[in-house]
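Q: Okay, handing you the structure first.
The values are calculated or read from the model by the stated rules, or taken from the named source; none is laboratory data. Here the structure is a predicted model, which is why all the values come from computation and not from measurement. Cβ placement follows ideal geometry from the backbone for every residue including glycine, while neighbour counts extend to all protein chains displayed. Accessible surface is based on the protein model in full, side chains and every heavy atom, while ligands, DNA and RNA are left aside. Shrake-Rupley method; radii C 1.70, N 1.55, O 1.52, S 1.80 Å.
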There are 2 protein chains.
Amino acid sequence: MARDPSTLTGDLARALGDPARVSANATVLEQHAGDFSYHPRRPPDAVVFAESRRDVEVVLRFASERGIPVTPFGAGTSLEGHVIPVRGGIVLDLSRMNRILEVRPADFLARVEPGVTRLQLNRRLEREGLFFSVDPGADASLGGMAATNASGTNTVRYGAMRDNVLGLEVVLADGRVVRTGSLAVKSSAGYNLTALFVGSEGTLGVITEVAVRVRPLPEAVLAARAAFPTLDAAAAVAVGLIASGVPVARVELVDPLTIRAVNRFKGTAYPEAPTLFLEFHGSEAAVAAEAEYAERLAREEGASEFHRETDPKAREKLWEARHHAALAVGATDPRKRQMVTDVCVPISLLPEALRAGREAMAREGVEGAIMGHVGDGNYHAVFMVDPEDPADVARARRVNDAIVDFALAHGGTCTGEHGVGLGKRAYLAREHGDLLELMAAVKRAFDPRGILNPGKVLSEAGEDPLGRPAPLGPTGREP
Amino acid sequence: MARDPSTLTGDLARALGDPARVSANATVLEQHAGDFSYHPRRPPDAVVFAESRRDVEVVLRFASERGIPVTPFGAGTSLEGHVIPVRGGIVLDLSRMNRILEVRPADFLARVEPGVTRLQLNRRLEREGLFFSVDPGADASLGGMAATNASGTNTVRYGAMRDNVLGLEVVLADGRVVRTGSLAVKSSAGYNLTALFVGSEGTLGVITEVAVRVRPLPEAVLAARAAFPTLDAAAAVAVGLIASGVPVARVELVDPLTIRAVNRFKGTAYPEAPTLFLEFHGSEAAVAAEAEYAERLAREEGASEFHRETDPKAREKLWEARHHAALAVGATDPRKRQMVTDVCVPISLLPEALRAGREAMAREGVEGAIMGHVGDGNYHAVFMVDPEDPADVARARRVNDAIVDFALAHGGTCTGEHGVGLGKRAYLAREHGDLLELMAAVKRAFDPRGILNPGKVLSEAGEDPLGRPAPLGPTGREP
C-alpha cells in the first residue's frame, strides 16, 4: 500500500502530541533499516521513538486503524533480520523506554521497561549483590531479548529468557494492554501467554514491561581458558564436563579462525588454537575443585594450557574477547555481512554436529568461524557474505542448510537462541511444518490485520507457504 | 446433547477395532467420575483405555466428527476437577500408555508415554544414576503433570514441569498429530507451543508423548526436619534460606494440624509443632555446610529440634510423611472432601500471606491444614468440606477467596501448581481478566468445536463469563 511519508509523520506526531517522537529523517530511517545480519536493509516510512506505554498504545491503535505495519526495534542487535521493516510502515523504537522500574532484592526480581539493556540492568543490580544472568554477548535490550527468547554464555547454568521472565506487559495489535504472568516464581493460571510472547519476535504484541528473575552474585567466580590441539578435543571436554554434572556457569568454544580475528580486533595474543572459555560460580572451595576437575579433563584431551583468572578485571577482559568474537569476525572484511548458523543439538551429539558443519564448509569451500555455547549443544558458524553476490550468499546458505539438516535429523533445532526472523523461516518449516498452521492461527487470533512485524517467523499470504526464502532478484536483494 | 451409551460404546469399539478398550460398566464409569477434590462427581458416558497414539487419534477423530466431549484422564490425582467429564461424553484413560520409550543418560533426557508415572520413571532412571525432579507428592502420570504444569517439593531447585519438558507429541482435537519442541535443551524456533500445551489441562490437545530433562543423582543428600514454636518462625527460616542463596533442594512447611493427621495416619510421632522439612543436594561437604547454615537460622528462630537424616531409608520415611500429608488430612474425616488453596506469592511476602490465610480461617471459623512448597512462596490450605452442605462449601470458599485476594493484591498468583480446572475459573478471571479473551481465541484456534475437556480453564458459552462457580443447586451439586 502506498503511504505518503509526510502525511504519515504529521499524522503520527498529532496522534502522539509531540513531533519530537516521530522522524522521517533519512539518517534516522537508515539507522532503522537493518540489523547485524546479511539480510537486505529496508528503511521504514517513519520511526517513532516511544517514551511511554501510552505512546505504544497510540501508535498501535493508529496503525491498526490504517493497516500500517509496525516493527518494534530495541538495540538492533538481532541476527536474522527481525527488526527490518520488510513491508515498510512504522519502526517503533523502544530505546527511550529505558527505566528500571523496580528492583526487589528480597524477591530476586526486577521490573524494567523494554529499552533497558542487560549491561544497564547489571550495573544497577551490582549494588545489591545481584546479577541478571542472560548474556547474549551484545548489549541487547531486555524487550528484544524477551522477544527472541535470547540466551547466551551462561544459559547452561541459569537458563534462557524463557526461564527468567516472570511476566510481561504487552500492547496488543489493536492498542489494548494486557499483563501476563505474575511476580511469583511459578504459576499454573491458565494458558502460559508469557511463554507465548517470549520468542514471538514482535509478531504477537509489543512488550512494554518485563519482569525478570535476578540472582545473587556468586561468592567466588573463576574463569579459565584452555587451548586444545583439535576442535574435537575441545568439544569432548565440553561434553565431558556436562556429563559429569559439574554446574559449570559458562563453557564457550571458539575456533582458531575466531581467535585470530579476536587477536587482531582486540590486540590480544591468545594462542590461535581451538579454545574453551570456562567459568565456575560458587564457594571458593567449590570453584577451585570444579576448575581442577575441568583441567584434568582438558589435559587428558591434550590441552596445552589451562589458564585461570580470578581477578575481576582480568576475567572481564577474557570475556570481552569472547563477547567481541562475532564483531571481530565481522571486522575481518568490512565490505561483507554476517550469516550466522544457530543449531542446538542434544549435548552428546555436539562433536558430531561440529564435524558435519566443518565437512559442509570444506565441501562448499566456505570459510566459517566457529563459536558456541557448547554446554547447551548450541554452536554458531559465522560466514562473511557479500549480500550483493547471489552466488556467495547461495554457497553460504548451502552450508547453513547442511548444518540445519544434521541438527534436525538428530533431534535438534535450527535455532537455539537467535530466533527465526526472516532468515530461518524455511528452516522453521522443515523443523515444525506440522505446527505452522497452529502458529498461523495463533498469529491471526492475536493480530487479525497482520500489522505486527509482518513477514517474520511465519511467511505471509502470497509468499512461499513453506517459508522458503524468495529467490534472489537481479540486484542480489530479495525481490 | 443426548447420547445413547450403548450405541456410543459399540461405535467406539468398532472404530478402535477392539471392544476391550471401551467400557460403559458402571464401576468403570464411576472410577472416572472424579478426582481427589470436593468437586461434584459426574460419570462419563464411556471410558476408552487408549493403548497407543493411534487409539487417541481414532477417538478424537470420532468425537470431533460427532461433537462429543473428550476428557483425558491420567492417574486421577488432580485437585481442581480437571478430569471430571462435566459435559459427559468420553473419558480417555491414558494409563495403559505407560511405556518408557527412551532414556538417554548422556543427553540427560527421557521420552515417555503419558501414562508413565513419576515413580515408575524414577525407578528406571535410578539404574543410570539419574532422577526426574518434578515431584507433586502423588504418583501422578507424566502426561497429567505436563497438562497441569505440576511442580512440587523440589521445584525450588529444579523447576516445574514447564522448565523440564523439552517437547511433546500431541493429538489435536481433529485427530491430527503434531510434535512440539525438540530434544535440544533450548530453542527459539517459532512460537513456543510446548509451553502453551504445558498447563493447558487437556483443553488444547491430548499429550501422547513427553520428552523431559532428567538429572544426575546428587553425590550426597541430606534431609532435615526442624520444629518451631510458631508458623511465623518456620516461614521466616524458609525466607531466610532462599534470601541467602543457599541452593536448597526442598523446603516444605507443615503446620501442627497436618503433623497430627500424619502421626495418626502413618503411626509416626513427630512433635505436633510447625515444622520445616528440608533437603540439600550436592557434595558431602556442601550439604553439610548448607545444613549447618540452616540449623543456625532455625535455632535463631527458636527451633526446638533440628533432626538430620542421611540414611536413604530414613529419608524416604521422612518424605513419605510429607507426601502423605494431604491424604492424611483427608483421612481425618472420610465423609468429607478436600478443597485446597494454592496461591504463590513473591517469597518475601510468604509470612504475611500465611498470616492473612490464618486470619481468614479464624474469621470464618474454618479449620484448615497448612502445608506448602514455601521456598517457592507457594502454600496450600486444605479444608475438609461436605460437598452436600452448601453452607460448608460456601464458608470454605470465602476463606479461599480471601487467600487468593491477598495473593493477587501482592503480585502473586491464584494457582502455583494445581491449575485452574473447574474450581479456579473465577480466580483466573480475577487474576487475568484481561487475558481471557486471548485465551478463548487460542482455545477456538486449537479446538474449534470445543470437544476437548469442555468447561475447564475457561468457562463455556452460557456460563458466567467471569467464570464464577454456578450457585449450588438444591442437592448441593452445581446444577
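Q: Scan the range A:366-396 for residues that are surrounded by fewer than 22 Cβ atoms within 10 Å (Cβ to Cβ) and either of a type in the set (D, E, K, R) or more than 21 Å from residue A:332 (Cα to Cα) (or both) and jot them down.
A: Residues satisfying the conditions are A:367, A:386, A:388, A:389, A:392, A:395.
Q: For the range B:405-415, which positions are open to solvent by 10 Å² or more (accessible area, probe 1.4 Å) and facing another protein chain (nearest Cβ under 7 Å)? Explain how you work it out, then say what you get.
A: As a first pass, look at the range B:405-415 and keep what is open to solvent by 10 Å² or more (accessible area, probe 1.4 Å): B:405-406, B:408-411.
Result: B:411, single match.
Q: If a residue has to be more than 11 Å from every other protein chain (Cβ to nearest Cβ) and among the hydroxyl-bearing types (Ser, Thr, Tyr) to count, how many in the range B:139-161 make the cut?
A: Here the count works out to 3.
Q: Looking only at residues that are within 7 Å of another protein chain (Cβ to nearest Cβ) and crowded, with 24+ Cβ neighbours inside 10 Å in the range A:171-182, which one is nearest to the chain's Cα centre (by Cα)? Step through it out loud before you land on a result.
A: Taking the range A:171-182 first, the residues within 7 Å of another protein chain (Cβ to nearest Cβ) are A:178-180, A:182.
Going one step further and asking which of them are crowded, with 24+ Cβ neighbours inside 10 Å, we end up with A:180, A:182.
Values: A:180: 22, A:182: 24 Å.
Applying the filter and picking the extreme gives A:180.
Q: When the range A:41-54 is examined, which residues are found to be of a type outside the set (Gly, Ala, Ser), part of a loop (DSSP other than H, G, I, E, B) and open to solvent by less than 20 Å² (accessible area, probe 1.4 Å)? Spell out how you get there, then give the answer.
A: Looking only at the range A:41-54, we keep the residues that are of a type outside the set (Gly, Ala, Ser), and these are A:41-45, A:47-49, A:51, A:53-54.
Going one step further and asking which of them are part of a loop (DSSP other than H, G, I, E, B), we end up with A:41-45, A:51.
Matches in the range A:41-54: A:44 only.
Q: Same structure again: Is at least one residue of the range A:55-67 of a type in the set (D, E, K, R) and outside any helix (DSSP H, G or I)?
A: Step one: list which residues in the range A:55-67 are of a type in the set (D, E, K, R), which gives A:55, A:57, A:61, A:65-66.
Filter once more, keeping what is outside any helix (DSSP H, G or I): none.
Looking through the range A:55-67, none of the residues is of a type in the set (D, E, K, R) and outside any helix (DSSP H, G or I).
Q: Name the residues in the range A:112-126 that are more than 15 Å from residue A:323 (Cβ to Cβ) and either open to solvent by less than 30 Å² (accessible area, probe 1.4 Å) or at pLDDT below 95 (or both), would you? Spell out how you get there, then give the answer.
A: Here is the first cut: in the range A:112-126, the residues more than 15 Å from residue A:323 (Cβ to Cβ) are A:112-116, A:120-121, A:123-126.
Correct list: A:112, A:113, A:114, A:115, A:116, A:121, A:125.
So that you can scan it fast, the table gives a plain yes or no per residue for (1) within 19 Å of the chain's Cα centre (by Cα); (2) more than 30 Å from residue A:393 (Cβ to Cβ):
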residue	(1), (2)
A:10	no, yes
A:19	no, yes
A:26	no, no
A:33	yes, no
A:47	no, no
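Q: Could you please find all residues in the range A:298-318 being in a loop (DSSP other than H, G, I, E, B) and at pLDDT below 95? Step through it out loud before you land on a result.
A: Our first condition is that a residue be in a loop (DSSP other than H, G, I, E, B); within the range A:298-318, this holds for A:301-304, A:310-311.
Across the range A:298-318, the qualifying residues are A:304, A:310, A:311.
Q: Identify all residues within the range A:339-360 that are more than 14 Å from every other protein chain (Cβ to nearest Cβ), surrounded by fewer than 22 Cβ atoms within 10 Å (Cβ to Cβ) and not hydrophobic (A, V, I, L, M, F, W, C); write none if there are none.
A: Of everything in the range A:339-360, those that are more than 14 Å from every other protein chain (Cβ to nearest Cβ), surrounded by fewer than 22 Cβ atoms within 10 Å (Cβ to Cβ) and not hydrophobic (A, V, I, L, M, F, W, C) turn out to be A:355, A:358, A:359.
Q: Can you give me the number of residues within the range B:416-428 that are more than 7 Å from every other protein chain (Cβ to nearest Cβ) and either open to solvent by 20 Å² or more (accessible area, probe 1.4 Å) or assigned to a helix (DSSP H, G or I) (or both)? Don't jump to the end; show me each part of the working.
A: To start, the set of residues in the range B:416-428 that are more than 7 Å from every other protein chain (Cβ to nearest Cβ) comprises B:421-427.
Now restrict to residues that are either open to solvent by 20 Å² or more (accessible area, probe 1.4 Å) or assigned to a helix (DSSP H, G or I) (or both): B:422, B:425-427.
The total comes to 4.
Q: Can you name the helices (runs of 4 or more DSSP H) wholly within the range A:187-291 that have at least 1 residues being within 14 Å of chain B (Cβ to nearest Cβ) and either more than 30 Å from residue A:444 (Cα to Cα) or modelled with pLDDT under 95 (or both)? Can you show your working first?
A: Values: elements: A:193-197, A:231-243, A:256-266.
Qualifying helices (runs of 4 or more DSSP H): A:231-243.
Q: Let me ask something else. Looking at the range B:429-451 only, could you name the residues that are in contact with a Lys or Arg (Cβ under 8 Å, 6 or more places away or on another chain) and more than 8 Å from chain A (Cβ to nearest Cβ)?
A: B:429, B:450
Q: Under 9 Å between Cβ atoms, at least 6 apart or on separate chains: pull out the pairs that start in the range A:353-367 with a residue that is free of Cβ contacts under 8 Å to residues at least 60 places away in the same chain and end on any residue that is polar (S, T, N, Q).
A: A:357/A:341; A:360/A:400
Q: Out of (1) touching a strand residue (DSSP E or B) at 6+ places or on another chain (Cβ under 7 Å); (2) open to solvent by 30 Å² or more (accessible area, probe 1.4 Å), the odd one out for residue B:138 is which?
A: Result: residue B:138 fails condition (1) only.
Q: Being open to solvent by 10 Å² or more (accessible area, probe 1.4 Å), in contact (Cβ under 8 Å) with a residue 12 or more places away in the chain and not hydrophobic (A, V, I, L, M, F, W, C) is the filter here, so list the residues in the range A:429-449 that pass it.
A: The answer is A:430, A:431, A:433, A:443, A:448, A:449.
Q: Among the numbered criteria (1) surrounded by fewer than 23 Cβ atoms within 10 Å (Cβ to Cβ); (2) over 28 Å from residue B:125 (Cα atoms), which one does residue B:60 miss?
A: For residue B:60, the exception is condition (1).
Q: (1) open to solvent by 10 Å² or more (accessible area, probe 1.4 Å); (2) within 8 Å of chain B (Cβ to nearest Cβ); (3) of a type in the set (Lys, Arg): which one isn't true of residue A:363, the others all being true?
A: (2)
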